[in-house]
Amino acid sequence: MSEPASTDAPRLVLLFSGHRVDPPGRVPARFSHDKVRSAAAAIERVLDGLGAGRSDVGLTQGSAGGDLLFAEACLRRGVRLRLLLPDAEAAFLPVSVGASADGVEWLERYRAVRDALEEPPRVLPEGQGDASTSRFERCNEWLLDSALAWGAERLRFICLWDGGPGEGPGGTADLVHAVRRRGLPVIRLDVRSL
């Protein structure tokens, strides 16, 4: 279910994974709400440095926090953004968007991003990837495979990550490791230094 290479191949494929904004009361804090503006500015700087624009494609899941900040920045630049979800919105939104601090605001931001897309979010197809792994792990594989279908030379992987292990399978750390295993570079924004 990867993107086929075509005559409309993008200049760059911008793949993003990042921490979600902490849920209320998370201890220790990892990506607290007070870091959102700094994270947004850091993502903007990376996209500016890459010259991101209309000839590029952006891929991410759409979770509250890093994913949506990246999505909003892509849309402002005219990047052809695609959301690839691990579950249908009815299951994805309560867990990955609404459960974060200021969940109502993040749900509104998600809907605004979704409404601005050229095509609706895609949902992980049944049978995609190893059935013994979590949907989030399979979605990471799907994201990476979709990005690489355009050619590894076009891929720019950007992550908003604290450098630590994930809290469960299929998080940002897993995608970072998958990208590194393929010998590809990682543009890391360290959430601890925001």
Which ones in the range 148-170 are over 15 Å from residue 187 (Cα atoms) and modelled with pLDDT of 95 or more? 148, 149, 150, 151
Name the single residue, out of those in the range 126-138 being farther than 22 Å from residue 31 by Cβ and of a type outside the set (Asp, Glu), that is surrounded by the most Cβ atoms within 10 Å (Cβ to Cβ). 138
Evaluation of residue 18 against (1) without any contact (Cβ under 8 Å) to a residue 12 or more places away in the chain; (2) under 17 Å from residue 173 (Cα atoms) (one fails), failing number: (1)
Would you check which residues across the range 181-194 are farther than 14 Å from residue 137 by Cβ and in a helix (DSSP H, G or I) and list them? 191, 192, 193
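When you scan the range 112-125, do you find a residue that is among the charged types (D, E, K, R), surrounded by fewer than 18 Cβ atoms within 10 Å (Cβ to Cβ), within 19 Å of residue 64 (Cα to Cα) and free of Cβ contacts under 8 Å to residues at least 12 places away in the same chain, even just one?
Looking through the range 112-125, at least one residue is among the charged types (D, E, K, R), surrounded by fewer than 18 Cβ atoms within 10 Å (Cβ to Cβ), within 19 Å of residue 64 (Cα to Cα) and free of Cβ contacts under 8 Å to residues at least 12 places away in the same chain.
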Report, by residue number, each residue of the range 161-180 that is under 16 Å from the mean Cα position of the chain (by Cα), charged (D, E, K, R) and part of a helix (DSSP H, G or I). 174
Here is a check on your reading of the model: is residue 152 buried (at least 18 other Cβ atoms within 10 Å of the Cβ) and within 16 Å of residue 181 (Cα to Cα)? no
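Which helices (runs of 4 or more DSSP H) does the range 20-102 wholly contain that include 1 or more residues that are of a type in the set (Lys, Arg)?
Hits in the range 20-102: 36-49, 66-77.
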In the range 122-160, how many are of a type in the set (A, V, I, L, M) and either more than 28 Å from residue 52 (Cβ to Cβ) or in a helix (DSSP H, G or I) (or both)? 6
Selection from the range 163-194 of residues among the acidic types (Asp, Glu) and surrounded by fewer than 19 Cβ atoms within 10 Å (Cβ to Cβ) yields 167, 190
Filter pass, residue 101 being at pLDDT 95 or above and more than 12 Å from the chain's Cα centre (by Cα): no
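What are the residues in the range 24-78 that are modelled with pLDDT under 95 and surrounded by 21 or more Cβ atoms within 10 Å (Cβ to Cβ), if any?
The one that is modelled with pLDDT under 95 and surrounded by 21 or more Cβ atoms within 10 Å (Cβ to Cβ): 31.
The values are calculated or read from the model by the stated rules, or taken from the named source; none is laboratory data. Everything numeric here is computed off the predicted structure, so don't read it as measured data. Heads up, the Cβs are rebuilt from the backbone with ideal geometry, glycines too, and the neighbour counts pull from every protein chain shown.
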